[in-house]
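Student: Here it is: the structure, laid out below.
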Amino acid sequence: MKKWKSALIVSSIVVFVSILLFFIQPEDILKHVPILKSFYQNTTLEITVPYGKANVKINGKEYGETPLNIQSLVAGEYEVELNKISTQEGYYKPHTFKVILTKNSTSRINLEIGPDDVMHGTILYYQEDKTYTPNKGKLTITTNSQDARVFMNSEFLKSAPITNLELNEGEYEISLQSEEYENLTLPIVIRAGYTLNIKGYLLPISVIFDSAQIDE
């Protein structure tokens, strides 16, 4: 009778664990185990607002003012809220972005925020690519302009959006160009085994940011 009960308990545990692993990736469990947690905390999130400062919340938690270099977050998807500081209350609207932090990588938010939802800059992060070709990485680009053209090392590459474009690993210069918008240029690094995601916010030529509103 005892053997039958033991077998039933073991079978129940096996079924429970199997169901749990079906819905939850093992890595999602391991990265919260204290002994292994440090392995998943080797991520970096850099946040800058070039012409001012912004208060930062990550998943609802206050992290202070920009510029920030945060190196202790566990790999995963985060909600980052930027609220640019101004002497006039409510002059700037808060903006929320989804950012993925991948172990052994740096994610960057470099955005100038203006009134009326105008932004200029980039959000950049890496994702692991388990189907990659040796010495190759991938590039994904989206922009706020419907007709943005992407140039790589001064040569036309493709029109945005670009999804999972395979490239040789290495350093490149990317330029996003669109009529009636300021060009946006940035250096990038394509890493083997990773997809580099870039979200570009192009600035309409007629817009001028008012730095006088910034409370230093």
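Student: Within segment 108-120, which residues are in contact (Cβ under 8 Å) with a residue 60 or more places away in the chain and closer than 16 Å to Pro94 by Cα?
Tutor: Narrowing segment 108-120 to residues in contact (Cβ under 8 Å) with a residue 60 or more places away in the chain: 108-115, 118-120.
Hits for segment 108-120 are Ile109, Asn110, Leu111, Glu112, Ile113, Gly114, Pro115, Val118, Met119, His120.
Student: Quick check: anything in segment 155-169 out of contact with any strand residue (DSSP E or B) (no Cβ under 8 Å at 6 or more places or on another chain), more than 25 Å from Phe97 (Cβ to Cβ), in a strand (DSSP E or B) and not hydroxyl-bearing (Ser, Thr, Tyr)?
Tutor: Here is the first cut: in segment 155-169, the ones out of contact with any strand residue (DSSP E or B) (no Cβ under 8 Å at 6 or more places or on another chain) are 155.
Narrowing the set further to residues that are more than 25 Å from Phe97 (Cβ to Cβ) leaves 155.
Those left that are additionally in a strand (DSSP E or B): 155.
After this cut, where a residue has to be not hydroxyl-bearing (Ser, Thr, Tyr) as well, the list is 155.
Among the residues of segment 155-169, at least one is out of contact with any strand residue (DSSP E or B) (no Cβ under 8 Å at 6 or more places or on another chain), more than 25 Å from Phe97 (Cβ to Cβ), in a strand (DSSP E or B) and not hydroxyl-bearing (Ser, Thr, Tyr), which makes the answer yes.
Student: For Lys138, state whether it is in the same structural domain as Leu196 (by TED's automatic domain parsing) and not in a strand (DSSP E or B).
Tutor: Working: in the same structural domain as Leu196 (by TED's automatic domain parsing): yes; not in a strand (DSSP E or B): no.
When the stated conditions are applied, Lys138 does not pass them.
Student: While we're looking at this one, here's another question. Hey, among the residues in segment 75-98 that are in contact with a helix residue (DSSP H, G or I) (Cβ under 7 Å, 6 or more places away or on another chain) and over 19 Å from Asn197 (Cα atoms), which one's surrounded by the most Cβ atoms within 10 Å (Cβ to Cβ)?
Tutor: First, the residues of segment 75-98 that are in contact with a helix residue (DSSP H, G or I) (Cβ under 7 Å, 6 or more places away or on another chain): 75, 86-88, 91.
Keeping just the survivors that are over 19 Å from Asn197 (Cα atoms) gives 86-88, 91.
Values: Ser86: 19, Thr87: 10, Gln88: 9, Tyr91: 15.
Top of the filtered list is Ser86.
Student: Could you tell me whether any residue of segment 56-72 is out of contact with any His (no Cβ under 8 Å at 6 or more places or on another chain), at negative phi and in contact (Cβ under 8 Å) with a residue 40 or more places away in the chain?
Tutor: no
Student: Which of the following residues is buried (at least 16 other Cβ atoms within 10 Å of the Cβ), assigned by TED's automatic domain parsing to the domain that holds Lys103 and out of contact with any strand residue (DSSP E or B) (no Cβ under 7 Å at 6 or more places or on another chain): Gly193, Gly200, Gly114? Don't jump to the end; show me each part of the working.
Tutor: On the way: Gly193 fails: out of contact with any strand residue (DSSP E or B) (no Cβ under 7 Å at 6 or more places or on another chain); Gly200 fails: out of contact with any strand residue (DSSP E or B) (no Cβ under 7 Å at 6 or more places or on another chain).
That would be Gly114, the only listed residue that is buried (at least 16 other Cβ atoms within 10 Å of the Cβ), assigned by TED's automatic domain parsing to the domain that holds Lys103 and out of contact with any strand residue (DSSP E or B) (no Cβ under 7 Å at 6 or more places or on another chain).
Student: With respect to the numbered conditions (1) closer than 25 Å to Thr106 by Cα; (2) loosely packed, with under 13 Cβ neighbours inside 10 Å; (3) at pLDDT 95 or above, which one is the sole condition not fulfilled by Lys130?
Tutor: (3)
The values are calculated or read from the model by the stated rules, or taken from the named source; none is laboratory data. This is a predicted model, so every value here is computed, not measured. Methodologically, a virtual Cβ is constructed for each residue, glycine included, from the backbone with ideal geometry; neighbour enumeration extends over all protein chains shown.
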